[in-house]
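Accompanying notes for the structure given below.
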Amino acid sequence: MIQKLKLTKVDGKTESLRVDIEGNVCELDFLVIDHEDNDGLLGFDWFVRTGASFNPSLRCLNFLMV
C-alpha cells in the first residue's frame, strides 16, 4: 500500500537564531510551520553543521567530540 504524504504549509522564516544544545552552538534560520505538537524541528542542515547524530530507538542525540 502506498501512503500519501501530507505537505505542511510554510508560514514564514525566522532571522538567524543561535541554537545552543549543551554547548554545541550553531546559527540557524527556522521555517515557521504548524506541525501538531512539535515546538521545533531540527533539519538536516543542523546535523551537518554540528556533526550531531540521532538514534531514534535510543531517543539519543550525540555530538562529535573535538
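The values are calculated or read from the model by the stated rules, or taken from the named source; none is laboratory data. Not measured: the values here are computed from a predicted model. Ideal geometry is used to build each Cβ from the backbone, glycine not excepted, and the neighbour counts take in all protein chains shown.
Look at segment 47-60: where a residue is free of Cβ contacts under 8 Å to residues at least 60 places away in the same chain and a partner is in a loop (DSSP other than H, G, I, E, B), sitting 6+ places away or on another chain with Cβ atoms under 6 Å, you get Gly51/Leu64; Ala52/Phe63. Taking the criterion of being in contact with a Phe, Trp or Tyr (Cβ under 9 Å, 6 or more places away or on another chain), part of a strand (DSSP E or B) and not basic (Lys, Arg), the residues of segment 13-28 that qualify are Leu17, Val19, Ile21, Asn24, Cys26, Leu28.
Residues being under 13 Å from the mean Cα position of the chain (by Cα), at pLDDT 80 or above, of a type in the set (A, V, I, L, M, F, W, C) and outside any strand (DSSP E or B) are represented in segment 40-49 by at least one member.
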